[in-house]
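No lab work stands behind these numbers, since they all come straight from the coordinates. Everything numeric here is computed off the predicted structure, so don't read it as measured data. As a convention, Cβ positions derive from the backbone with ideal geometry for all residues, glycine included, and neighbour counts pool all protein chains shown.
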Amino acid sequence: MPSKPLKPCRHPGCPELTSGRYCPAHEKKVNDEYEQRRGTAVERGYNWNWHKIRNIKLAAFPLCERCEKTGRIVVAVLVHHKDRNPRNNDPVNLESLCEKCHQEEHKEDRWVGGATSYPGQGK
């Protein structure tokens with residue numbers, strides 16, 4: 001099967017062609033800038049209290065809730081905030097997921113420089 005044609009890098013003035021959004025040089029630059037703006041895990045709401053809540057959720061629901069709905073038995077390793085707000089630790093907002101389901105949930109966030117914001121994030 002033929003591969004998709006290459007596209008111009010999205011960085012203004014860059015003549016490189018790429019299969020992604022940016023050429024390798026600009027992808028690293030954009031990712032580094034994003035990581036600096038993003039803040040630390042604690043600044044984003046993943047503090048000691050979160051780890052306690054996460055452990056309680058995984059103890060209560062040790063299997064991936066999405067895989068379980070499709071009849072698969074997969075151990076959950078992550079707890080996902082359904083509304084994407086890491087400060088909303090209401091039990092109905094939390095979902096035990098395996099790595100694969102969590103990556104699928106956040107695949108749109110993984111584009112270079114991309115992130116989903118949530119109310120009150122302030123960024």
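Could you tell me whether any residue of the range 63-72 is within 14 Å of the chain's Cα centre (by Cα), free of Cβ contacts under 8 Å to residues at least 12 places away in the same chain and under 22 Å from Gln103 (Cβ atoms)? Looking for residues that are within 14 Å of the chain's Cα centre (by Cα), free of Cβ contacts under 8 Å to residues at least 12 places away in the same chain and under 22 Å from Gln103 (Cβ atoms), one finds none in the range 63-72, hence no. Of all residues in the range 31-89, exactly one satisfies the criterion of being on the phi > 0 side of the Ramachandran plot and either touching a Ser or Thr at 6+ places or on another chain (Cβ under 7 Å) or charged (D, E, K, R) (or both), namely Arg84.
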